[in-house]
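See below for the structure under consideration.
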C-alpha cells in the first residue's frame with residue numbers, strides 16, 4: 001500500500017494554504033539521516049520532506065527517535081550520516097546559534113533570573129537589535145500571547161499556562177523559519193491543553209510559520225497537525241494526514257498506536273462485485289470494500305483494522321445486506337465515559353471485540369446490559385485491510 | 001502530641017551544645033579578662049583587643065592571611081566551578097569515575113599528607129616558598145570543597161536552559177556567562193566564602209608551604225601559644241572566630257535563600273502542572 005505520497009496527503013486535507021504543490025522544494029528535507037549514540041541507533045536511514053507552513057507532528061512512543069530528530073534539526077546533535085537540508089541548504093556543520101530554527105522546550109527553559117520581557121528579548125539581544133526595535137518586538141510578542149502587563153514578572157511568579165505562553169513568545173521573537181515544539185503541552189492539565197492547542201494553531205496560521213511538534217499524545221497530534229509522522233525505533237512507519245493515519249493506517253502497528261482498534265486476522269477468499277470477501281478464523285464470511293491501492297490475492301492472510309466506533313451494537317439481528325457484516329456475542333463489560341459507552345463483547349469463537357456507541361439516550365434507558373446477547377454489525381466500507 | 005522541650009531533649013541539647021562550644025566560649029570570655037593570668041578572672045576589660053591590634057607582628061600576619069585567603073578562595077572557586085561544569089557536562093567518558101574521584105579525594109586526604117606532598121613539589125620545581133606557595137596550596141585543597149558546593153547546584157540545573165540560550169543565538173561561552181553562571185551564582189558565592197574561611201584557619205598546610213616572611217595568623221598564634229597562652233591570644237582568637245563564623249553563616253544564608261527560591265519555583269511549577 002502506498003500512503004507515503006505527499007501529494008495525495010495534500011488533496012486529502014482541504015485547506016487552501018496547504019503547500020504541497022509539486023513544483024515547490026520542501027522547506028526541510030531529511031536525506032538518509034542516521035544518528036547513532038555509541039551502539040544505539042536512534043535514527044536509521046530516514047527520509048522525510050516537510051513543506052513550508054505545515055503543522056507537522058512527530059508521534060511515537062518514548063525512545064522512538066522523535067526527540068533526536070528535533071535535536072538534530074535544532075543543531076544540538078550532529079547527524080552520523082546523511083544530511084538535513086533547510087531551504088535546499090545543507091545544515092551540517094552549522095551550530096545551533098546560527099540556524100534560523102527556534103525551539104520551545106518541554107520544560108519551557110525560561111531563564112529564572114530574567115523578567116518575562118528579558119526572556120522574550122533574549123534572542124534579539126544576541127543579534128544586537130536596537131533598544132527601540134527590541135522593545136517593539138517584545139511588546140508585539142506579549143500581545144500575541146496575551147500577556148500584556150506581565151513584562152516585569154519573573155518566571156516563578158507565573159502559572160504553568162503563562163510560562164508556556166512566555167516560552168512560545170520567546171521562541172517566536174526572532175521570527176524563525178521553523179519552530180520546533182518539544183511536547184509543548186505536556187505539563188498542562190487537560191482543559192488548558194485543549195485551549196492551548198487551538199491557540200497554537202491560531203498563532204501558526206497567523207504568522208504563516210512551519211511548526212514541527214514532538215508529542216507522544218495522539219489526540220494532540222490529531223488535533224493540531226496537518227500531517228503526522230508515526231515513528232518507531234528510529235524509522236518512519238507512516239507519514240500522512242491525521243484522517244488517513246486514523247482511517248487508513250499503513251500497518252497494524254500504526255492502527256494500534258493511534259486510538260483503539262480491533263485487529264482481526266482474516267484470509268482473503270475472492271471478490272464479489274466491488275467487495276472483497278474474507279474468511280475469519282472459523283469461517284465467518286466478511287465483506288470489505290478494498291482501497292484502490294490494495295492488492296487482493298485470494299488466499300492471502302491480512303489483518304482487518306476495525307475501529308470500535310464503526311461497530312453498531314444491537315439486541316436484534318440487523319437486516320441482512322450484502323455490504324453489512326455481522327457477528328453475535330455476549331456483553332462482558334461496559335465502560336461508561338460520559339459521551340460514549342464502550343462494550344467488550346465476547347464472540348462465540350472466543351475473541352473479544354471492542355465496540356463503542358455514542359450515548360444518544362440516557363444510561364437508564366440503555367437497552368443493552370451486561371451478559372446480554374448482542375449483534376455487532378459494521379459496513380464493508382468502515383474497515384480496512386493491512387498486511388498481516 | 002509531641003512536647004518539643006521535655007527534660008530529656010533539653011538536657012541532651014544542653015550537653016551537645018556545651019560539648020561543642022564550651023571551649024570556644026571560654027576563649028571568648030577570657031578575652032575580656034582584665035587579669036594577666038589567663039585562667040583567673042580579674043574583671044571585664046577590652047584592653048587585650050587594643051594590645052593585640054597594636055601588635056605589628058600579629059597585624060602583619062593577619063594581613064598576609066587575609067590576602068592569601070582572598071586570592072586562594074578566588075582561585076579555588078574559579079577552578080572548582082570550571083572542573084565541576086566539565087564533570088557534569090562531559091557525560092560519560094573512559095575514566096570518568098577515576099577523574100571525579102580525584103577531584104574529591106583531597107577532602108579525605110590527611111592534611112599532613114597534602115602539605116608534605118605540596119612541599120615536595122615546590123622544592124622539586126624550585127619555587128621559593130612564601131605567599132604564593134601557601135596560596136597555591138590553599139587553592140588546591142579548597143578547590144575540592146568548592147567543587148562539592150557548586151556540583152550540588154549544577155546537578156539540579158536544568159540543562160535545557162543552556163540549550164535554549166544556544167538556540168536563541170548564544171555561543172557556548174556566552175550561554176555560560178549569561179545563563180548558567182547567573183543561575184548558579186549563589187552556589188559560587190557560597191563556595192568562595194567556604195574556601196575563604198578554610199584558608200583563613202588552616203595551620204597544617206600553611207606550616208608546610210610557608211617560607212620566611214609569610215607567617216600566617218594561625219601559625220603565629222600556634223607559635224605564641226607554645227611560649228604560653230596570653231590574654232592577647234584569646235582576643236585575637238575571638239576575632240578569628242568572629243570572622244570565620246560570619247563567613248560560614250553568610251555562605252549558608254546565601255545557600256538557604258537559593259534553596260527557598262528554588263522551592264518556590266517548584267511549587268509554582270507544581271501548582272501550574
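Coordinate-derived values only; no laboratory data. This structure is a prediction, so every number in the text was calculated from the model and none was measured. Heads up, the Cβs are rebuilt from the backbone with ideal geometry, glycines too, and the neighbour counts pull from every protein chain shown.
Take A:196, A:36, A:241 and order them by how many other Cβ atoms sit within 10 Å, fewest up front.
On the way: A:196 19, A:36 14, A:241 24.
Lowest count first: A:36, A:196, A:241.
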Checklist entry - Which whole-number percent is the relative contact order of chain A (Cα, under 8 Å, 6+ apart)? => result 15 percent
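When a footprinting reagent is the concern and you count Cβ atoms within 10 Å, what order do A:315, A:191, A:154 take, fewest first?
Working: A:315 12, A:191 8, A:154 19.
Sorted ascending by nearby Cβ count, the order is A:191, A:315, A:154.
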Next on the checklist: Please compute the length gained on full extension between residue B:174 and residue B:102, using 0.36 nm multiplied by the number of residues separating them and subtracting their Cα-Cα distance.
Outcome noted: 23.0 nm
Checklist entry - Measuring from label point to label point, each 7 Å out along Cα→Cβ, what is the residue B:12 to residue A:157 span in nm? => result 4.5 nm
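Using r as the Cβ-Cβ distance of residue A:89 and residue B:241, and R0 as 60 Å, what FRET efficiency do you calculate, to the nearest 0.05?
Numbers: r = 66 Å, r/R0 = 1.11.
Working from the Cβ atoms, E equals 0.35.
Estimate the FRET efficiency between residue A:367 and residue A:301 by the formula 1/(1 + (r/R0)^6), using the beta-carbon distance for r and 51 Å for R0, to the nearest 0.05.
Working: r = 37 Å, r/R0 = 0.73.
Here the calculated transfer efficiency is 0.85.
Report the extension gain between residue B:20 and residue B:109 in nm, rounded to one decimal, defined as 0.36 nm multiplied by the number of residues separating them, less their alpha carbon distance.
Working: separation 89, 0.36 × 89 = 32.04 nm, distance 2.40 nm.
Length gained between residue B:20 and residue B:109: 29.6 nm.
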Checklist outcome for this item: Per-residue average of other protein chain Cβ atoms inside 10 Å, peptide B:156-166 -> 6
Checklist outcome for this item: the stretch B:25-75 and the stretch B:81-126 have their Cα centres apart by a whole-number Å value of 35 Å
Item to check | Proxy reagent accessibility, fewest Cβ within 10 Å first, across A:312, A:322, A:248 | outcome: A:322, A:312, A:248
Checklist entry - What nm value, rounded to one decimal, do you get for the distance between residue B:54 and residue B:263 when each label is placed 7 Å out toward the C-beta? => result 5.1 nm
Next on the checklist: How many angstrom lie between the Cα centre of the stretch B:221-253 and the Cα centre of the stretch A:77-93?
Outcome noted: 63 Å
Item to check | Pairwise centroid distance, computed over Cα atoms, of the stretch A:243-292 with the stretch A:101-142, Å | outcome: 51 Å
Checklist entry - How long is the gain from residue A:34 to residue A:198 if the chain were fully straight, where each residue apart is worth 0.36 nm and the alpha carbon distance is subtracted? => result 55.7 nm
Item to check | Distance between modelled label sites at residue B:152 and residue A:62, nm, 7 Å Cα→Cβ extension | outcome: 2.8 nm
